[in-house]
Amino acid sequence: MTEAAATKEEGRVRASEISRGFKYEVSKVHGGEKLLKCFQCGTCTSDCPIARFSDAYRPRQIIRMAQIGLKEKVLSSDTLWLCASCFTCTDRCPQDVEVANVIRVLRNLAAQQGYIPRVFKELSSAILETGYAYKIPDLRIKKREEQGLPSLPKGDPESLGKTLQKTFFLRLMEKKVE
Ligand code: SF4
Ligand code: SF4
């Protein structure tokens with residue numbers, strides 16, 4: 001199969017992939033109510049700062065996939081997590097779709113099904129272990145000491161862990177794809 005044919009095949013939607021109720025599932029959640037108002041003008045994509053740098057990231061496409069019910073495809077897509085929540089799309093959408101909120105709803109649904117990209121799982125492990133999203137390497141701490149720099153402030157992973165224990169966060173992080 002040629003590359004062009006493979007791309008065409010990839011973009012094809014099969015009836016078996018469609019979950020008819022998905023658009024209602026999204027619309028029922030706070031923030032996703034206006035999903036069906038999108039008329040695919042493309043303003044969100046053309047103004048999105050992330051879409052400018054990544055050809056794979058197209059908010060208009062994400063909204064369309066959710067509208068037609070491509071549930072697994074949209075929830076399992078790593079590109080869903082590229083949104084920087086800058087709200088430019090929300091400000092500029094002529095249909096008042098609140099695109100950034102719809103994407104947040106989709107990400108939450110994805111997380112509930114175990115679709116969380118590895119990088120976010122690693123960040124959350126670092127937070128739980130050290131209290132910071134970035135685990136500072138021992139070598140860097142040693143170098144600071146050698147250079148007479150003051151120690152870095154310590155995080156408080158224990159109290160953070162206790163708080164997170166009371167939320168769904170830890171369960172979500174451990175969840176495997178269903
Ligand atoms: S700007 Fe609004 S109406 Fe236009 S494609 Fe994006 S979500 Fe749809
Ligand atoms: S909120 Fe997300 S989708 Fe909307 S413009 Fe910003 S990065 Fe793009």
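The values are calculated or read from the model by the stated rules, or taken from the named source; none is laboratory data. Source: prediction; values computed, not measured. Here Cβ is always computed from backbone atoms with ideal geometry, including for glycine, and neighbour counts include all displayed protein chains. Please note that ligands, DNA and RNA were not included when accessible areas were found on the heavy atoms of the full protein model with its side chains. Shrake-Rupley method; radii C 1.70, N 1.55, O 1.52, S 1.80 Å.
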Please indicate, with yes or no, whether at least one residue in the range 34-46 is open to solvent by 30 Å² or more (accessible area, probe 1.4 Å), small (G, A, S) and within 16 Å of ligand 1 (Cβ to nearest atom). yes
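Could you please let me know if L149 is aliphatic (A, V, I, L, M), open to solvent by 70 Å² or more (accessible area, probe 1.4 Å) and more than 30 Å from V13 (Cβ to Cβ)? Spell out how you get there, then give the answer.
Numbers: aliphatic (A, V, I, L, M): yes; open to solvent by 70 Å² or more (accessible area, probe 1.4 Å): yes; more than 30 Å from V13 (Cβ to Cβ): yes.
Spelling it out, L149 is indeed aliphatic (A, V, I, L, M), open to solvent by 70 Å² or more (accessible area, probe 1.4 Å) and more than 30 Å from V13 (Cβ to Cβ).
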Any pair with Cβ under 6 angstrom, 6 or more apart, that starts in the range 12-33 at a residue that is on the phi > 0 side of the Ramachandran plot and ends at one that is at pLDDT 95 or above: G31/N101; G31/R104; G31/V105
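Quick grid of which residues meet (1) modelled with pLDDT under 95; (2) not in a loop (DSSP other than H, G, I, E, B):
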residue	(1), (2)
C41	no, no
C44	no, yes
I50	no, yes
T79	yes, yes
T90	no, yes
Output yes when any residue across the range 76-91 is within 14 Å of ligand 1 (Cβ to nearest atom) and β-branched (V, I, T), and no when none is. yes
With (1) more than 16 Å from ligand 2 (Cβ to nearest atom); (2) over 30 Å from R171 (Cβ atoms); (3) at pLDDT 95 or above as the list, and A6 as the residue in question, which single condition is left unmet? (3)
Which residue pairs have Cβ atoms closer than 6 Å, lie 6 or more positions apart in sequence or on different chains, and pair a first residue in the range 64-81 that is surrounded by fewer than 20 Cβ atoms within 10 Å (Cβ to Cβ) with a second residue that is of a type in the set (S, T, Y)? S76/Y115; T79/Y57
Under the condition of being assigned to a helix (DSSP H, G or I), more than 11 Å from L82 (Cβ to Cβ) and of a type outside the set (A, V, I, L, M), which residue from the range 52-63 is most open to solvent (accessible area, probe 1.4 Å)? R52
Subset of the range 93-126 that is without any contact (Cβ under 8 Å) to a residue 60 or more places away in the chain and over 18 Å from the mean Cα position of the chain (by Cα) - its residue that is surrounded by the fewest Cβ atoms within 10 Å (Cβ to Cβ): P94
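Got a number for residues in the range 82-92 being in contact with a helix residue (DSSP H, G or I) (Cβ under 8 Å, 6 or more places away or on another chain) and open to solvent by 50 Å² or more (accessible area, probe 1.4 Å)?
Going through the range 82-92 one residue at a time, the tally reaches 6.
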All-but-one check, Y115 against (1) assigned to a helix (DSSP H, G or I); (2) within 18 Å of A56 (Cβ to Cβ); (3) at pLDDT below 95, failing number (1)
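In contact (Cβ under 8 Å) with a residue 60 or more places away in the chain, of a type in the set (K, R) and in a loop (DSSP other than H, G, I, E, B), is that true of K176? Reasoning before the result, please.
Numbers: in contact (Cβ under 8 Å) with a residue 60 or more places away in the chain: yes; of a type in the set (K, R): yes; in a loop (DSSP other than H, G, I, E, B): yes.
Yes, satisfied.
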Hey, any hits in the range 136-147 for a residue that's in contact with a helix residue (DSSP H, G or I) (Cβ under 6 Å, 6 or more places away or on another chain) and at negative phi? no
